[in-house]
Amino acid sequence: MSSHYETLGVAKDATPQEIKSAYRKLARKLHPDVNPSEDAAEQFKLVTRAYEVLSDEKKRANYDATGDENGNGQPGFGGGAGFGGFGDIFEQFFGGGQGQGPMSRTQPGRDALITITIDLEDAVKGTVYPLEMETAVVCKTCHGDGTREGTSPVTCTICHGAGQVQRPVRSFLGQMMTVETCAACRGYGTTIPDPCLECNGEGRVREHVSKSLNVPAGVDAGTRIQLRGQGEAGPGGGPNGNLFVEIDIRRHKVFERSGNDLHAKMTIPMTAAALGCELKLETFDEEQTLNVEPGAQDGDTLTLAGLGVPRLRGGKRGDIIVHLQVETPTKLDAAQRELLEQLAKLRGEELSAGRVEHSGGMFSRLRDKLNQR
């Protein structure tokens with residue numbers, strides 16, 4: 001009896017791709033739909049069985065090791081190679097596959113996930129984002145059927161439409177019958193002698209697709225937007241999967257987001273902090289004026305209520321919180337230094353090197369500031 005390698009006409013060290021190519025070549029020549037002779041039918045069965053064994057990594061390893069396509073060539077319980085597939089044998093005899101019938105060529109498409117990057121302003125206000133993507137769509141030539149115009153799938157002559165075939169198997173339990181997926185029709189119960197030239201029988205093709213995404217106000221980095229039925233089209237004209245769009249947000253040059261609040265840092269001179277001043281801040285709504293009271297300290301905060309990020313599903317907006325950083329002057333000229341010395345003398349601070357804060361002083365102020373944030 002010829003080996004499976006000889007049946008397919010490949011070397012023992014043939015790659016999976018070489019085995020697949022050899023099988024396809026022989027199948028096109030010997031398939032009963034093409035060659036109705038009895039000899040061709042018998043040869044096709046041998047070719048199909050050879051491919052079933054050699055295309056399965058585990059079956060091929062067993063076949064190479066034992067010379068038996070089911071891996072039972074080693075007698076007895078020793079060595080592991082002949083008896084190591086105990087669980088697999090039971091699964092093969094009694095497990096999945098039996099009675100399921102042929103598979104449908106129409107299958108649901110897979111979900112897809114893409115990531116887009118938007119500006120912080122778009123997250124605050126919402127935007128319409130143009131999506132460009134490569135995805136699977138229903139073939140416009142065959143409308144998902146996978147067949148050429150005027151043709152249709154035909155019942156598989158090997159499994160007679162069952163999608164499965166029975167094979168006798170030798171095992172330590174004796175000869176038994178196992179049910180396997182029909183290699184001729186791949187379990188569909190039908191074959192497509194004249195596949196659509198556009199999609200090669202798949203019923204779908206890959207295509208560049210453009211669409212628009214409505215990004216709602218309030219999204220944050222990591223937010224996923226689900227577009228139902230806008231993922232990949234399924235094989236055989238099956239329904240589309242879902243499309244998930246994950247949001248990423250560019251870093252803003254002024255604002256940093258924390259929840260629904262926006263934080264900004266503004267530096268003011270020591271004199272402005274002491275005397276008080278007005279600050280102008282450009283927000284996502286319009287320019288805002290902030291009043292700095294005289295005596296402002298480094299780390300003080302000013303709040304613009306309701307100008308932050310809205311809640312994703314509607315409702316109150318967060319705030320803009322401005323953190324003041326008081327800048328101490330450096331590189332004083334003689335006149336500036338003289339003025340500061342006069343101020344220090346007037347305030348009785350010319351000899352002061354600082355003071356120790358008592359309980360309820362610095363730490364309580366620090367605690368109050370933290371509690372305000």
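The values are calculated or read from the model by the stated rules, or taken from the named source; none is laboratory data. What you are looking at is a predicted structure, and each value in this text was computed from that prediction instead of being measured. Here Cβ is always computed from backbone atoms with ideal geometry, including for glycine, and neighbour counts include all displayed protein chains.
Here are a few things to note about the model shown:
- Restricting attention to segment 45-72 and to residues that are modelled with pLDDT under 80 and of a type outside the set (S, T, N, Q), the residue that is nearest to H160 (Cα to Cα) turns out to be E69.
- Residue match in segment 248-255 (condition: without any contact (Cβ under 8 Å) to a residue 40 or more places away in the chain, more than 30 Å from C142 (Cβ to Cβ) and of a type in the set (V, I, T)): yes
- For the criterion of being under 30 Å from P216 (Cβ atoms), in contact with a Leu (Cβ under 7 Å, 6 or more places away or on another chain) and assigned to a strand (DSSP E or B), L262 fails.
- Residue satisfying condition, being without any contact (Cβ under 8 Å) to a residue 24 or more places away in the chain and of a type outside the set (V, I, T), within set L275, L243: L275
- Residue match in segment 214-221 (condition: over 30 Å from V245 (Cβ atoms), touching a strand residue (DSSP E or B) at 6+ places or on another chain (Cβ under 9 Å), of a type outside the set (D, E) and surrounded by fewer than 20 Cβ atoms within 10 Å (Cβ to Cβ)): no
- Where helices (runs of 4 or more DSSP H) sit wholly within segment 1-63, those with at least 3 residues that are surrounded by fewer than 20 Cβ atoms within 10 Å (Cβ to Cβ) and either of a type in the set (K, R) or free of Cβ contacts under 8 Å to residues at least 60 places away in the same chain (or both) occupy 16-30, 38-54.
- Residues that are surrounded by fewer than 18 Cβ atoms within 10 Å (Cβ to Cβ) and in contact with a strand residue (DSSP E or B) (Cβ under 7 Å, 6 or more places away or on another chain), drawn from segment 223-248: T223, R224, I225, Q226, L227, N242, F244, E246, D248
- Test: residue in segment 203-213 that is within 30 Å of V124 (Cβ to Cβ), of a type in the set (K, R) and either in the same structural domain as T115 (by TED's automatic domain parsing) or part of a strand (DSSP E or B) (or both): yes
- Residue ranges of strands (runs of 3 or more DSSP E) in segment 118-181 with at least 3 members outside the structural domain of L312 (by TED's automatic domain parsing) and closer than 30 Å to E282 by Cβ: 127-138
- Among the residues of this structure, A184 counts as one that is touching a strand residue (DSSP E or B) at 6+ places or on another chain (Cβ under 8 Å), surrounded by 15 or more Cβ atoms within 10 Å (Cβ to Cβ) and modelled with pLDDT of 90 or more.
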